[in-house]
Every structure is written in structure tokens, then in C-alpha cells.
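Below: one structure, written as C-alpha cells.
The values are calculated or read from the model by the stated rules, or taken from the named source; none is laboratory data. From a predicted model like this one, the values you see are computed outputs, not experimental measurements. Cβ atoms come from the backbone with ideal geometry, glycine included; neighbour counts cover every protein chain shown. Note: accessible area is taken over every heavy atom of the protein model, side chains too, but ligands, DNA and RNA are not part of it. Shrake-Rupley method; radii C 1.70, N 1.55, O 1.52, S 1.80 Å.
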Amino acid sequence: MRKFLTTLIVTCLFLGLNAQKKDTPFEKDLFKDRKDEFKEAKKNFDEGKKIYDKGQARYEMAIPYLEKAYDFNPNYSLLNYMLGRCYMSSLYKFKSLDKFLAAYELNNAVSKDIHLMIGHAYHLKYNWDKAVYHYELYRKTLNQKNDVAEIELVNKKIGECATGKKLQAKPERVWVDNLGKNINTEYPEYSPFISDDESVIVFTARR
């Protein structure tokens, strides 16, 4: 009897954990007992997706709506994926990994580029080996003839990981200087290019 009860408890726990990880889209039939909350969350999801669908330049604007939808329903693979992409295009890049992993766990076919996104998120965290692992999985899905640009991109990312791993193993001390108010502001300035004679500097600024 005791053995039976133990088996029953373990089985129930296992089924309970699996039930929590079931991919759950925003369909009202799945939330019959939370109709009012569902209506508001669905409204936020639809608004966030509407902004998201306008392209990467708008991703950051979609975050507040998608986060509210996520608070209601964190077990929707597409929502997790979209939030991951939005975080990746924002100042909150490091939050993207958890969302991409959740999206993949809920539905490993959530998007063709899910392994690229997971690889990129690991890349940002200097987890070189896991980044390369997912980059290589993504590369296997590409067509050698039709996806030449994507293959070149992935190969570049894998090369960056190899370089990063090597540099991290033997770190060097560097100094980052502020170039003064004519260049540096409170906003992000990055990716500088300096001419050979150091008379010209070109950089990206987000103001």
C-alpha cells in the first residue's frame, strides 16, 4: 500500500510539472474561469504583437504590453519568443535568454531561428560553448544554396565565440576614456571607427 501511494504521489507530481509546461496560447476556451483577466491580457497581447509586427525598430515599444500579457499567461511559447526578441533589441538584453529557453521548452518549433536566438543570448553572457552549440544547431537547419548570407552570419558568430573564449582565458587590462562633451553624452555611443591619422572618428549614437 505504501509503495502504491508513493508511486501515485510521484506520478501526480510528474503530471503536474508537465501540465505547467504545456504550451498555452491565448484562446478563451483555455481560460474559462478567468474571463475578465483573459480579456485584458489578450488585449495587451494583441497590442504588443501589433507593435512587434511592425519590425525590430518597434520591438522595445512592445515590451510593456507583452509583459502584462506574460504576467497573466507565462506558458505561451510565441509570447516568450517575442519577449526574448524585444529584450534583445533593448537595454535589457540579458533578460532574453530565459524567455528564449522557455519558448523552446514549450515548443521546440516556435520559430525557425530559435537556436540562433538562444545562441546569441548565451553569446551575450560569455557562455561560449553553449552559444556555439546552438549556433551549430541553427546552421544545420540552413540550406547551403539558398541561405548563404545566414550561414556566413552564423560562421562569423561562431568565430567570435572562439575569439572571445581565447581572450577571456588571458584577459588584458584596458582603459576606457571619456572623449568629452563634444562626443560623449548620457546616451549610448559605441562602435567607433578611427581613421589611420586619428583625425576622424565615426561612431554610432542612440539619442
**Complete:** Relative to the chain, whose Cα atoms define the longest principal axis, helix 128-140 and its Cα axis are tilted in degrees, nearest 10, by 80 degrees
**Request:** Tabulate in residue order the Karplus-calculated ³J(HN,Hα) for region 181-186, using 6.51 cos²θ - 1.76 cosθ + 1.60 with θ = phi - 60°, rounded to whole Hz; enter x for Gly and Pro.
**Result:** 5, 6, 10, 8, 10, 6
**Message:** Considering only protein heavy atoms and a probe of 1.4 Å, how much of the accessible area of the chain is carbon and sulfur, as a whole percent?
**Reply:** 54 percent
**Request:** With everything on Cα atoms, drop me the angle between helix 148-169 and the longest principal axis of the chain, reported from 0 to 90° to the nearest 10.
**Result:** 80 degrees
**Prompt:** Under the Karplus relation 6.51 cos²θ - 1.76 cosθ + 1.60, θ = phi - 60°, what is the ordered set of whole-Hz ³J(HN,Hα) values for region 75-89, x standing for Gly and Pro?
**Reply:** 9, 10, 4, 5, 5, 4, 4, 4, 4, x, 5, 5, 4, 4, 9
**Request:** Tabulate in residue order the Karplus-calculated ³J(HN,Hα) for region 39-51, using 6.51 cos²θ - 1.76 cosθ + 1.60 with θ = phi - 60°, rounded to whole Hz; enter x for Gly and Pro.
**Result:** 4, 5, 5, 5, 4, 5, 4, 4, 5, x, 5, 4, 5
**Prompt:** Taking every pair of alpha-carbon atoms in the chain, what share in percent sits in each 10 Å bin, from 0 to the bin with the longest distance?
**Reply:** 7, 22, 28, 23, 13, 5, 1, 0, 0
**Item:** Gaussian network model of the chain, springs between alpha carbon atoms under 10 Å - residue of 141, 163, 185 with greatest fluctuation
**Value:** 185
**Message:** Using only Cα atoms and rounding to the nearest 10 degrees, what angle (0 to 90) does helix 114-124 make with the longest principal axis of the chain?
**Reply:** 50 degrees
**Request:** Just subtract the alpha-carbon distance of residue 141 and residue 93 from 0.36 nm times their residue separation and send over the number in nm, one decimal.
**Result:** 14.8 nm
**Asked** What is the dipole size for the chain, taken about its Cα centre, with +1 at each Lys and Arg Cβ and -1 at each Asp and Glu Cβ, in debye to the nearest 20?
**Response** 820 debye
**Request:** Considering Cα pairs under 8 angstrom that are at least six residues apart, work out the relative contact order of region 26-180 and quote it in whole percent.
**Result:** 13 percent
**Structure-based [θ]222 nm, the chain - -39500 (n - 2.57) summed over DSSP H runs of at least 4, per residue, nearest 500** = -19000 deg cm²/dmol
**Asked** Which residues make up the longest stretch of the chain that has no GluC sites (Glu not before Pro) in a DSSP loop with at most 12 other Cβ atoms within 10 Å?
**Response** 28-171
**Request:** Counting only heavy atoms of the protein chains, get the accessible area per residue of region 55-119 (1.4 Å probe) and round it to a whole Å² value.
**Result:** 45 Å²
